[in-house]
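Remarks on the structure that follows.
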Amino acid sequence: MNIASDPKSIPASTLLSPEANQAAALATATGVLTVDLDAIVANWRKLEKSAVPAECAGVVKANAYGCGADQVARALSNAGCKTFFVATLDEAAIVRAAVPTAVIYVLDGFFQNTGDAYARIDCRPVIGDLNELAEWDVFCRRTGWSGGAAIHIDTGMNRLGLTVAEAQGIVPRINAGDHGITLVMSHLASAELLNNPANAKQLAAFREIASAFSGVPASLANSSGVFLGSQFQFDLVRPGAAVYGINPTPEADNPMQPVVELKARIVQIRNLERGETVGYGGTWTARRPTRLAIISAGYADGYFRAASANDGTRGAEVVVAGKRCPVAGRISMDLTAIDVTDLDKTAARRGHLVTLIGEGITVDELAHHFGTIGYEVLTSLGKRYARIYKGGAAPVEAAAEPPAVPG
Ligand SMILES: *Cc1c(COP(=O)(O)O)cnc(C)c1O
């Protein structure tokens, strides 16, 4: 045992309290991304309640929509979530380390030579093609692996999945028993549009084929699908976006809580004469003596260039000292100019943090300025931010365990 440990070999995070760690991260950070795990858990619980008696899974692909797969999976697992969906095997390995006993499905499914990884991680492929199913069967026969797999059936999305006719072809196998299929699922293409006729069509198609897979749990609904009504919920619902605070019902108010807050630092305050222009291309002209705050976030941080402001087109807004202020000129890679002329002269200062997401600016609002959806905003949030996690405390049972002996 190494008694006189070299302090340099100990990561700072084990030496500092969470508060001290946070302060240290903040001191050097040009951006701070705060993920509220309690809000994530509250959103998941709300979805779980609306889906009862169906089980509520957690979709944590793409690093839990940018929020941190490890932290989110732990928090959801502590809240009672037992089934997780990821896109890739690498993501599955991360989630497996976080939640040792949960069921994990991998949406991209099975490729030749990935069987050993499936068995090692103990996760299940979502199989969306008959060749893939045949290869999976070969792997299971050869190795004796019986970890289970989902069958994905396409009901109109035309992305992944067996056709309904192909799925009918494996019904005899289901009826014969011992088939190794643990879930039958499909995916809705337009669930966020309540009255889109595609929803009823997909529901009818899925209902029929899922009933032929007798005894196999069925799943159709993503976040928005949960809000289409109980007939869409089957045995398991698969929300992602709504867990992270994105509005699953864009035609109505957002029933979910916001989850992320994003701040960037003011690098410089500068004054412009009337008629001067700002940024690349000089596309924004000061129409009055103008004060700018140059902030330390740009498109390389996931603050999309599409939210730039030019003469004649407004861009995104950020909250500076409690007030909304507009972007001025083109957003560049690392920096963005904000027009703070309307604030008190001393309200915005070098080193202050301003709010890009939060204080009333939602992910969905930003998505509108970026010309995209909240999903892309979250999954684009950059790696240069200091990341801070709030809440997500372990359940009482875990907290009551005796503390580990130091050293
Ligand atoms: C991403 C995904 C989900 C989650 O969708 P949200 O709209 O984020 O709730 C569910 N099922 C499948 C197949 C997916 O790819």
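Some observations on this one:
- The fraction of all Cα pairs in region 227-290 landing in successive 5 Å bins from 0 to the largest distance is 4, 12, 12, 12, 9, 6, 7, 14, 8, 5, 6, 4, 1, given as whole percents.
- Within the chain, antiparallel bridges make up roughly 55 percent of the DSSP beta bridges whose residues both belong there.
- Applying 1/(1 + (r/R0)^6) with r as the Cβ-Cβ distance of HIS368 and ALA321 and R0 = 35 angstrom yields a FRET efficiency of 0.90.
- Over the Cα atoms of region 181-238, the radius of gyration divided by the Kirkwood radius equals 0.95; this is the Rg/Rh ratio.
- Just checking the listed ones, THR34, THR143, THR249: in the Gaussian network model of the chain with Cα springs under 10 Å, the one fluctuating most is THR143.
- Karplus-based coupling profile of region 268-273, in residue order and whole Hz: 7, 10, 9, 10, 10, 7, with θ = phi - 60° in 6.51 cos²θ - 1.76 cosθ + 1.60 and x standing for Gly or Pro.
- Label point 7 Å beyond Cα of ARG305 along Cβ direction - residues of region 327-349 with amide nitrogen under 12 Å: 330-334
- Where N is the number of residues in region 331-375, Cα Rg divided by 2.2 N^0.38 Å: 1.38
- Averaging 1/r over each pair of different alpha-carbon atoms in region 38-244 and inverting the result gives 17.1 Å, the Kirkwood hydrodynamic radius.
- Under Stokes-Einstein, with the Kirkwood radius over Cα pairs as Rh, the value for region 218-350 at 25 °C and 0.890 mPa s is 143 µm²/s.
- Rounded to the nearest 500, the 222 nm mean residue ellipticity of the chain from helices alone is -8500 deg cm²/dmol, with -39,500 (n - 2.57) taken per DSSP H run of at least 4 residues.
- Were the residues from ASP116 through GLN168 laid out at 0.36 nm apart, the gain over their Cα-Cα distance would be 15.8 nm.
- Estimated Rh, the chain: Kirkwood, alpha-carbon pairs, angstrom: 23.7 Å
- When both region 252-309 and region 173-249 are represented by their alpha-carbon centers, they are found 41 Å apart.
- Computed on the Cα atoms alone, the convex hull of region 73-140 gives a volume of 73 cubic angstrom per residue.
- Neighbour-limited loop hits for trypsin sites (Lys or Arg not before Pro), region 249-333 (at most 14 other Cβ within 10 Å; DSSP other than H, G, I, E, B): ARG274, ARG287, ARG314
- Stretching SER230 away from TYR280 to a fully extended chain increases their span by 12.8 nm, per 0.36 nm per residue minus the current alpha-carbon distance.
- FRET efficiency, ALA24 to ALA93 (Cβ-Cβ, R0 30 Å, nearest 0.05): 0.55
- Number of Lys-Lys pairs in region 260-390 with C-alpha atoms under 22 Å apart and a separation of 8 or more places or on different chains: 5.
- Taking 7 Å steps out from each Cα toward its Cβ at ARG350 and GLU376 produces label points 3.7 nm apart.
FYI, it's all coordinate maths here, none of it is from the lab. All of these numbers come straight from a predicted model, not from anything done at the bench. Because the Cβ atoms are built from the backbone with ideal geometry, glycine has one as well, and the counts that use them run over all protein chains shown.
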